[in-house]
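Trainee: My questions all concern the structure below.
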Amino acid sequence: MATYDSLHRQCRTLESLFDAKLTSYSRLASTISRNDSDVEASGSGERWKDLQNEVEDLLENLRESNDQLSVLLNDASNPPSQSMSRAIQRHRDVYQDYARELKRTKANVQTALDQANLLSGVRNDIDAYKSSAADSLLAERGRIDSSHRMTDDVLQQAYATRSEFGQQSNALGGINARMSNVISTIPGINNLLGMIKSRRRRDAYILGVLIGVCLLSLFSYMTR
C-alpha cells in the first residue's frame with residue numbers, strides 16, 4: 001500500500017503537470033480565436049484533442065491519488081496527524097478547483113472552435129461565391145469576345161465583297177473603253193451607221209406614203 005509521503009509527492013507532481021497543461025489548453029482557445037485559417041486544415045483541432053486528452057488523464061490520475069489519500073485519512077488503526085489531514089484536505093480542494101477549471105476551459109475551447117468553424121464556413125461560402133462570380137464574368141467576357149470576332153468576320157467579308165464589286169466595275173469600265181476605242185478605230189463605221197439610220201427613215205417615209213395612197217384609193221372607190 002502506498003504511503004502518505006509517496007502519495008503526497010505524487011499529488012504535488014500531478015498538480016504541477018496539470019497546471020502547466022491546463023494553461024496550454026486554455027491558451028489554445030485564444031489561438032483558435034485569432035487564427036484566420038481553417039481550424040482543421042491548420043491542425044488546431046488535433047492539438048485541441050491531444051491537449052484535452054492529456055489534461056483529462058492528469059485530472060483522473062490526480063483523483064485516484066486523492067482517493068488513496070482519503071483512505072489513509074479514514075484509517076482508524078493508523079490515524080493521520082493534523083498536518084497530514086490539512087494537506088490531504090488541501091489536495092482535495094485543489095483537485096475540485098482543477099475539475100471546475102477544466103470544465104470551464106473545455107467550454108471556452110469548444111466555443112472558440114465552433115466560432116472558428118463557423119467563420120471558416122462563411123469564408124468558404126464567400127470564396128465560393130467570388131469564384132462563381134468570377135467564372136460568370138469570364139464566361140460573359142468570352143461571349144463578348146466571340147461576338148466581336150463574329151462582327152470582325154462579317155465586316156471583313158463586307159470589305160471583300162465591296163472590293164470585288166469595285167474590281168468588277170473597273171473591269172466593265174475597261175470593256176466599255178475598249179469597245180469605244182474599237183469603234184473609233186474602224187474607218188467609216190460611223191458613216192455606215194448613219195446611212196443605215198437614213199435608209200430606215202426613208203423606207204419609213206415611203207411606206208407611209210404608200211399606205212396613204214392606198215387609203216385614199218380605197219376611200220375614192222367606196223364613195224362611187
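Trainee: Only residues of region 1-25 count here: report those whose backbone N is under 20 Å from the spot 7 Å along Cα→Cβ of residue 75, or say none.
Mentor: From region 1-25, the list is 1-13.
Trainee: Among 15-22, 159-166, what's the highest-first ranking by average C-beta atoms within 10 angstrom per residue? Working shown, then result.
Mentor: Values: 15-22: 16.4, 159-166: 10.0.
Descending packing order for the listed peptides: 15-22, 159-166.
Trainee: Let me ask something additional. Pop a pseudo-label 7 angstrom from the Cα along the beta-carbon direction at both residue 139 and residue 172 and give the gap in nm to one decimal.
Mentor: 5.0 nm
Trainee: HN-Hα J couplings of region 48-57 from phi, Karplus 6.51/-1.76/1.60, θ = phi - 60°, integer Hz, Gly and Pro as x?
Mentor: Karplus values, whole Hz, x for Gly and Pro: 4, 5, 5, 5, 4, 5, 5, 5, 5, 5.
Trainee: How high is the FRET efficiency from residue 53 to residue 20, r the C-beta distance, R0 22 Å, rounded to 0.05? Could the numbers behind the result be given before it?
Mentor: Values: r = 15 Å, r/R0 = 0.70.
After rounding to 0.05, the efficiency reads 0.90.
Trainee: Here's a follow-up. So how far apart, in nm, are the two label points at residue 222 and residue 85 if each is 7 Å from Cα heading toward Cβ?
Mentor: So the label points at residue 222 and residue 85 sit 17.2 nm apart.
Each value in this text was obtained by applying a stated rule to the coordinates, not by laboratory testing. These figures come from a predicted structure and were not determined experimentally. Cβ coordinates were reconstructed from backbone atoms using ideal geometry, including for glycine residues, and neighbour counts include every protein chain displayed.
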